[in-house]
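Asks: Handing you this structure, nothing more for now.
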Amino acid sequence: MAVLRGNFPAKIDDKCRLKIPTAFRTSIEAHHGREVYVTSVRGDCVRIYPMPVWLDIERKLGTAASLDPARERFLARVNYYGHVAAIDRQGRVVIPQRLRDAADMNGEVDVLGQYNYLEVWNHERFIAKLERDPFTDDHARELAKLGI
């Protein structure tokens, strides 16, 4: 499995499509194919999962009790915002209207690698998130427990 890392600026075009940065697209297509699941958990950003990664998440969810509150809330959100899509030949993927509105996916966006999926943020919203949610010494201690 290829690791998706780094940050690339991109734009949402007038047809609601994101052109996935070449480095990410090449890696996704080579290791997972073109089918993806486009969704969000909170509606503040877009998550793009290569379909095999998403199917693995669904398999894990299938082992949880059907009435588990965390499972129910997660599925309600990822299904409300989500849809199956395909990366087209030009490397674009459609962001659904509901998710585009919620996450303010217009114009300049940042596409971040999150190990095995992509996270897409409205650029201004992401900068504001970084400012209001700083990396603290407590976070550093938690990572140190992992040897990082």
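Asks: List every residue pair whose Cβ atoms lie under 6 Å apart, where the two residues are 6 or more positions apart in sequence or sit on different chains, the first residue falls within the stretch 114-140 and is acidic (Asp, Glu), and the second residue, located anywhere, is part of a loop (DSSP other than H, G, I, E, B).
Replies: Close Cβ pairs satisfying both conditions: Glu119/Cys45.
Asks: Check Glu58 against each of (1) assigned to a helix (DSSP H, G or I); (2) among the charged types (D, E, K, R); (3) surrounded by 15 or more Cβ atoms within 10 Å (Cβ to Cβ) and name the one condition it does not meet.
Replies: (3)
Asks: Six or more apart or on different chains, Cβ atoms under 8 Å: show the pairs whose first residue is in the stretch 98-111 and free of Cβ contacts under 8 Å to residues at least 60 places away in the same chain and whose second is not in a loop (DSSP other than H, G, I, E, B).
Replies: Here the result reads Arg98/Tyr80; Arg98/Tyr81; Asp104/Asn122; Asp104/Arg125, each pair linking the stretch 98-111 to a residue that is not in a loop (DSSP other than H, G, I, E, B).
Asks: Are there any helices (runs of 4 or more DSSP H) wholly within the stretch 78-148 with 2 or more residues that are more than 26 Å from Ile57 (Cα to Cα) and of a type in the set (A, V, I, L, M), and if so which?
Replies: Of the helices (runs of 4 or more DSSP H) lying wholly inside the stretch 78-148, those with at least 2 residues that are more than 26 Å from Ile57 (Cα to Cα) and of a type in the set (A, V, I, L, M) span 123-132, 137-145.
Asks: So which residues in the stretch 1-33 are under 14 Å from Asp88 (Cα atoms), within 15 Å of the chain's Cα centre (by Cα), outside any strand (DSSP E or B) and not hydrophobic (A, V, I, L, M, F, W, C), if there are any at all?
Replies: Pro21, Arg25
Asks: Which residues, taken from the stretch 113-129, are hydrophobic (A, V, I, L, M, F, W, C) and either closer than 26 Å to Ala2 by Cβ or in contact with an Asp or Glu (Cβ under 8 Å, 6 or more places away or on another chain) (or both)?
Replies: Quick first cut of the stretch 113-129, residues hydrophobic (A, V, I, L, M, F, W, C) only: 118, 120-121, 126-128.
Correct list: Leu118, Val120, Trp121, Phe126.
Asks: To continue, here is another question. Looking at (1) in a loop (DSSP other than H, G, I, E, B); (2) at negative phi, which is the only condition Tyr49 fails?
Replies: In the conditions (1) in a loop (DSSP other than H, G, I, E, B); (2) at negative phi, Tyr49 misses (1) alone.
Each value in this text was obtained by applying a stated rule to the coordinates, not by laboratory testing. It should be emphasised that the depicted structure is a prediction, and the values quoted were computed from it without experimental measurement. In this analysis, Cβ positions are derived from the backbone assuming ideal geometry, glycine residues included, and neighbour counts consider all displayed protein chains.
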